[in-house]
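Input: a single structure, listed below in structure tokens.
The values are calculated or read from the model by the stated rules, or taken from the named source; none is laboratory data. Note that the structure is a prediction, hence the values are computed from the model and not measured. Neighbour counts run over all protein chains shown; Cβ positions are idealised from the backbone, glycine included. Please note that ligands, DNA and RNA were not included when accessible areas were found on the heavy atoms of the full protein model with its side chains. Shrake-Rupley method; radii C 1.70, N 1.55, O 1.52, S 1.80 Å.
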Amino acid sequence: MIELLIHQWKEKTRSPFWQKSIFLNIILGLLGLYFILNFVIISFFADKIIESVYPGKEVTVVFSGLLLYYFLFEIILRFFIQQLPVVSIQPYLLLAVKRSQLIRYTIIKSFFHFINLLAFLLILPFFFKIILPAYPGTFAINWLFIAFSFIAFNNLLNFSIKKYFSQKPWLIAILLILVAGVAYGGLTERLSITEGFSGLWMAVASLQLGFIIPLMLVFALAFFTFHILKDSFYSDNLSKARNRKTLEWSLLDSFGLQGDLLKTEIRLILRNKRVRNQTLMFFFFLLYGFIFYTDTNLDKQFVMLFTGLFLTIILASNYGQYFFNLDGQFFEFYITSNISMEDYIRTKYLMFGLLCFVSYIITLPYALIDPKIGFINTAMVLWNIGITSWLFMFACTYNKTAFDLEGSTFMNYQGTGFTHFLGVLPVLFLPLFIHLIFRWAGFGEYTIVFLGIMGLLGIVFHHFLISLVKAQLKKRKFIMAAGFRKK
Amino acid sequence: MISLRNLKKKYTGNTVLNIEQLHIEKGQCLGVVGNNGAGKTTMLSLMLDIIRANEGEVHSDGKPVAGNEHWKQYTTAYLNERFLIPFLSPMEFLEYVGKLNGKNKSDLEDFLQANSGFYQEDIKSRKYIRELSAGNKDKTGILAALFPNPQVLILDEPFAHLDPTSQSWLKTRLRLLHRQGTTIIVSSHDLKHITEVCNRIVLLEEGVIIKDISATEDTLNQLEEYFKAKGVFAEEFENEK
């Protein structure tokens, strides 16, 4: 068992992921540190926060109640970011290791995850600061046991959710809405599940041997998980292909070759887990308008510009960041097939434009808040389709890593390179930079018109711009193909 | 049809391919043999402009392959699964390749009908290519290379993952194509297959053409002699005989 854990450690540390970019590692490290600090600080000052929001209530009761939100939220978060360590076990299946031992190991290993560390950090500082000094020993121990049980329970629950829900993304959406509803009801004090939740917690913690109850639940779930995994070790997903529906895109068929090329791009997005889920997730970002379009912001042109820029590209951003890298696994097909580079580039461009346009249409109702928003967003979508698209494409020819289409969805930085931060991201902020220059020169109010006209020019002269990208791609294709071949 | 002149490819200083002159006539069927690392795939990749030569050029139909796209209209190739789109089903992929070459759905049906000896039901299922076995992936790729009716066909190790029936089917198919005048370039580790199919054999070793012979009845023996097992065990075995 320990030997297995050592192997797994080696797999992690020797993964090419770490050797690829020190720069990315530093950024990820800082991000991790940032989360850790946040959780520790929230937990440590929870009593102060709770006293100021809910004066006169018992801090422990409120804190326990609020943890319900966290645990519910965590279920969804785990679904996206916690990969189950099943795959890396395959080589051992043939060796003389007992199957049941492997399964137990899989379960134990799943506890060594960053998200569990965060949950601990949310609970422990509060426990040591508030509960341990103020309550009798058995209550404190019971309380902590119950909290740990919740973490363990969620961790194990993830196995079941992944197994039963991952084929049905709409179930996750329903779960999300349910959690949001509970949170909304609780915060507006219309429906208070949290009080019942914390009441139950307190009652169980007060019992002499209260910790046994949650512990039993955890073991029951562990037992159930064990059996799920045991089955899945044999299964070979035969049923998957059978109930698969193929959408017939009769509309696209009437556009000839261009329609077929576009159809393949749409399938690229819809049929690959990582691209599809990331694009779906970006739908939530469309709601950002409600945060940014506030009365105070409506007069700040800089914020309006940024929001418009952001909202009209959001669905295309994932696709645009990885234009050619998305084809990395089969780049040879495109560079040797009977397809001209112009057609290839134009298809990528059309798909990007289409996604921008959809984002624009969906967010257009924000104009009801203020007509100005409609005007700004129209200019910004023109800019995104006419200018950002080409700049992204140029930047992408410098990214030499193939995008892993089937990888995990959340917090997955595979395919993100140094050039990403130098090329793709700055491009996004170019209009803001232009605005600052314009404002400095005293033409601040003309930025929008200028950007809109530039975008329009980009769209009108797309033939010329395609030929520029073509020349660039011709120069870079060997280097890109060689990079894509590396695993 | 295709000629290689002074072609050199180096990786970090090591020359992996060095061909002074190789001219492949129209309608010729060229077999490329050699051990691992001999430069077979490198040579085919250069013909398809996937990698860039350090020196020299590949000409197809009189014009350089590098920097031009004319050859794509009459050349098809299948080297490995990087020539397949993993998220399409085999049928969708074949249809797509067909569309790129001006063929419609009924052309595909006719084609599949005519080539039904080569594939099993898996090719027609709704599985995506990424879910297929290595053999079925290769079959899909080979079918996609055959479908557009190319003038030049380039295959790398096409027999490696095929079952015995498909191997002999492919051999027959390639012989027929050769008879119809298609220029074929195929590499293989299987000396028997290659001598049965091709009328000219090129033997590569460490990137250099060691032998360039037209295939006769004796060719197989010649090649087998060349690729004889070496080492202590092989000597022991020889002595026992």
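For residue A:300, indicate whether it is outside the structural domain of residue A:174 (by TED's automatic domain parsing) and open to solvent by 10 Å² or more (accessible area, probe 1.4 Å). Show your work before the answer.
Working: outside the structural domain of residue A:174 (by TED's automatic domain parsing): yes; open to solvent by 10 Å² or more (accessible area, probe 1.4 Å): yes.
In short, yes.
Taking the criterion of being within 12 Å of chain A (Cβ to nearest Cβ), assigned to a helix (DSSP H, G or I) and over 17 Å from the mean Cα position of the chain (by Cα), the residues of region B:123-167 that qualify are B:124, B:129, B:130, B:131.
Using the structure shown, decide if residue B:44 is facing chain A (nearest Cβ under 9 Å) and under 23 Å from residue B:200 (Cβ atoms). Spell out how you get there, then give the answer.
Values: facing chain A (nearest Cβ under 9 Å): no; under 23 Å from residue B:200 (Cβ atoms): yes.
Judged against the criteria, residue B:44 is not a match.
Listed here are the residues, each with its yes/no results for (1) more than 9 Å from chain A (Cβ to nearest Cβ); (2) at pLDDT below 90; (3) surrounded by fewer than 16 Cβ atoms within 10 Å (Cβ to Cβ); (4) not in a strand (DSSP E or B).
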residue	(1), (2), (3), (4)
B:68	yes, yes, yes, yes
B:72	no, no, no, yes
B:88	no, no, no, yes
B:94	yes, no, no, yes
B:98	yes, no, no, yes
B:108	yes, no, no, yes
B:111	yes, no, no, yes
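Take residue B:27 and tell me if it is in contact with a Gly (Cβ under 7 Å, 6 or more places away or on another chain) and part of a loop (DSSP other than H, G, I, E, B). Yes, satisfied. Among the conditions (1) touching a residue at least 24 places away in the same chain (Cβ under 8 Å); (2) farther than 18 Å from residue B:173 by Cβ; (3) out of contact with any helix residue (DSSP H, G or I) (no Cβ under 7 Å at 6 or more places or on another chain), residue B:150 misses just one, which is (2).
Scan region A:4-21 and give yes if some residue there is polar (S, T, N, Q) and modelled with pLDDT of 70 or more, otherwise no.
No, region A:4-21 has no match at all.
Scanning region A:242-252 for residues that are more than 10 Å from every other protein chain (Cβ to nearest Cβ) and open to solvent by 70 Å² or more (accessible area, probe 1.4 Å), we see that the one that is modelled with the highest pLDDT is A:251.
Counting residues that are away from chain B (no Cβ under 14 Å) and over 22 Å from residue A:447 (Cα atoms), which helices (runs of 4 or more DSSP H) fully inside region A:314-406 reach at least 2? Explain how you work it out, then say what you get.
Numbers: elements: A:314-321, A:331-336, A:341-363, A:371-383, A:389-396.
Answer list for region A:314-406: A:314-321, A:341-363, A:389-396.
Tell me which residues, restricted to region A:348-373, are more than 26 Å from the chain's Cα centre (by Cα) and either crowded, with 18+ Cβ neighbours inside 10 Å or at positive phi (or both). Explain how you work it out, then say what you get.
So in region A:348-373, the residues more than 26 Å from the chain's Cα centre (by Cα) come out as A:367-373.
Result: A:373, single match.
Considered as a group, the residues in region B:1-54 that are free of Cβ contacts under 8 Å to residues at least 40 places away in the same chain and open to solvent by less than 10 Å² (accessible area, probe 1.4 Å) include one that is farthest from residue B:79 (Cα to Cα), and that residue is B:49. Name the single residue, out of those in region A:303-330 being in contact with a Lys or Arg (Cβ under 8 Å, 6 or more places away or on another chain) and open to solvent by less than 40 Å² (accessible area, probe 1.4 Å), that is nearest to residue A:363 (Cα to Cα). Checked region A:303-330; the qualifying residue nearest to residue A:363 (Cα to Cα) is A:304.
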